[in-house]
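To start, the structure itself, in structure tokens.
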Amino acid sequence: MKFVDEYRDPALAERLVTAIRQLVTHQWTIMEVCGGQTHSIMKYGIDQLLPSEVVLLHGPGCPVCVTPVEILDKAFEIANRPEVTFCSFGDMLRVPGSHGDLLSAKAAGADVRIVYSPLDAVKFAQAHPDRQVVFLAVGFETTAPANALAVDQAARLQLKNFTVLVSHVLVPPAIEAILAAPGNQVQGFLAAGHVCTVMGSTEYEPIARKYCVPIVVTGFEPVDILQGVYMVVKQLEEGRSEVENQYSRSVRSEGNRPAQALIEKVFRVIPRKWRGIGEIPASGLGLREEYSAFDAELRFNVAGNVVEESQDCISGLILQGRKKPPDCPAFGTLCTPEQPLGATMVSSEGACAAYYRYARGR
Ligand code: SF4
């Protein structure tokens, strides 16, 4: 399979659905980890094509959704300083914090800019030594190499006016937290193909063994997802719990070693708070001591700020697969993409946004 049409081929999709129907003899609950997979499932109605025995739950793999409110509040506070040019990917601008979002800060006069790469922020800092340039470095293992590269580049250039506000999270500890939680229902996972392109698939093997769950590294197109579901169901029906790779056109078991080395050089593993979920041990990345001069929390003295999250939004339960967006009383009424109460309604990878966009009429 080389071109996108092949991944959306209705005849191939139908054959996979038939194969899943023929295979399944029990009730199985499978979680797709990534929000991009959730959007594909809702957009193409994959959940409706599957036999009723196979239930899909949506996982925590939406970087915008899991960034904690206190990071957004720190971003808001730093962005409002007159000496700061605050740079971010566009999808973080409308995520609500306690006092507003970055877009409202921009509307009120803060110098907030959308960039397409953290290296653009480094270039801006180089060209504007009179400005303090801050980049909001969030996301999973997929965005960590580019953010590490930006910090390393700034160090090599000896920039004194570039820092990053870091909120990186890691997938395997989140999967373990879901499996270890009392009342867990998830019996198999579709792991996120892009994360594994960077990190490889071997780090999932101890998890598959310890919790006896199949984990299939899966892509994002409809045929990818159906094939991933088929592979998980086949393992479950055969009583196997292995790590398999559906996304072999991109993922190697060892991953991208140079990218991993860059992450390792700049970041260290730390406990990290996840929005709506709370702190998960060893689930995030923070800057190493050698790069602390590039830490925006230290530069702007906001490291100690702690925020209680609102109880009205149940996105934490949705991100753990315990509820689905229509279970939220605010879904589609008090909370819409235009007036979002939670990040899962804002993000292009959020489960609430996926249901609002593709499944409201069901
Ligand atoms: S619908 Fe809105 S309030 Fe409800 S869980 Fe989703 S983002 Fe939160």
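The values are calculated or read from the model by the stated rules, or taken from the named source; none is laboratory data. Every value quoted in this text rests on a predicted model; they were computed, and no experiment measured them. For neighbour counting, all protein chains shown are included, and Cβ atoms are generated from backbone atoms with ideal geometry for every residue, glycine included. What goes into the accessible areas is simple: the full protein's heavy atoms, side chains included, and nothing from ligands, DNA or RNA. Shrake-Rupley method; radii C 1.70, N 1.55, O 1.52, S 1.80 Å.
Give the carbon-plus-sulfur fraction of the accessible surface of the range 1-151 in %, rounded to a whole number; probe 1.4 Å, heavy atoms of protein chains only.
Roughly 56 percent, rounded to a whole number.
Summing Lys, Arg as +1 and Asp, Glu as -1, what charge do residues with Cβ under 11 Å from the Cβ of Ile270 carry, Ile270 excluded?
Summing Lys/Arg as +1 and Asp/Glu as -1 gives +3.
Given a Förster distance of 45 angstrom, what is the FRET efficiency for Ala293 paired with Glu237, based on the Cβ-Cβ distance and rounded to 0.05?
E(calc), rounded to 0.05, equals 0.25.
Report the residues of the range 246-262 in range of a label on Glu205: point 7 Å along Cα→C-beta, backbone N strictly under 18 Å from it.
In the range 246-262, the label zone of Glu205 (backbone N under 18 Å from the point 7 Å along Cα→Cβ) covers 246-248, 251-257.
Structure shown: which of Lys43/Lys324; Lys74/Lys273; Lys210/Lys234; Lys106/Lys323; Lys210/Lys265 lie over 25 Å apart, alpha-carbon to alpha-carbon? Don't jump to the answer; show the numbers that get you there.
Values: Lys43/Lys324 16 Å; Lys74/Lys273 14 Å; Lys210/Lys234 19 Å; Lys106/Lys323 34 Å; Lys210/Lys265 29 Å.
Exceeds cut-off: Lys106/Lys323; Lys210/Lys265.
Would you mind working out the accessible area per residue for the range 315-358, using a 1.4 Å probe, and quoting it in Å²?
45 Å²
Assuming a viscosity of 1.002 mPa s and a temperature of 20 °C, what translational diffusion coefficient in µm² per second does Stokes-Einstein assign to the range 66-173, Rh being the Kirkwood radius over Cα pairs?
154 µm²/s
Averaged over all directions, how much area does the convex hull of the C-alpha atoms of the range 78-121 cover when projected, in nm²?
Details: hull surface 12.0 nm².
Its Cα hull, projected and averaged over all orientations, spans 3.0 nm².
Can you give the direction-averaged projected area of the convex hull of the alpha-carbon atoms in the range 1-312, in nm²?
17.0 nm²
Round to the nearest 10 and give me the degree value, 0 to 90, for the angle of helix 171-180's Cα axis relative to the longest principal axis of the chain.
Long axis of 171-180 versus the principal axis of the chain: about 60 degrees.
Among DSSP beta bridges lying fully in the chain, give the percent that are antiparallel, nearest 5. Can you show the working numbers first?
Values: 9 of 42 bridges.
Around 20 percent antiparallel, to the nearest 5.
Enter the accessible area per residue of the range 141-220 (Å², integer; probe 1.4 Å; all protein chains in place).
Roughly 33 Å² per residue, with all protein chains present.
Could you list, bin by bin from short to long, the percent of Cα-Cα pairs of the range 182-258 in 5 Å steps?
Per 5 Å bin, starting at zero, the Cα-Cα P(r) for the range 182-258 comes out as 3, 19, 27, 24, 17, 7, 2, 0 percent.
Per DSSP H run of n ≥ 4, the term is -39500 (n - 2.57); total these for the chain, divide by its residue number, and report the mean residue ellipticity at 222 nm rounded to 500 deg cm²/dmol.
Working: 18 runs with 147 residues, N = 362.
Helix-only estimate at 222 nm: -11000 deg cm²/dmol.
Could you work out the Rg to Rh ratio of the range 17-75, with Rh taken as the Kirkwood radius (inverse of the mean 1/r over all Cα pairs)?
That ratio equals 1.17.
Return the Cα extents of the range 315-358 along principal axes one, two and three, sorted largest first, each rounded to a whole Å.
Computed over the Cα atoms, the extents are 25, 21, 18 Å.
If Lys and Arg each add +1 and Asp and Glu each add -1, what is the summed charge of the other residues whose beta carbon sits under 15 Å from the beta carbon of Ala13?
It works out to a net charge of -3.
If you plug each phi of the range 332-349 into the Karplus form 6.51 cos²θ - 1.76 cosθ + 1.60 with θ = phi - 60°, what whole-Hz ³J(HN,Hα) values come out, in order, with x for Gly and Pro?
Values per residue, Gly and Pro as x: x, 10, 6, 10, 9, x, 6, 10, x, 9, x, 5, 5, 8, 8, 5, 5, 10 Hz.
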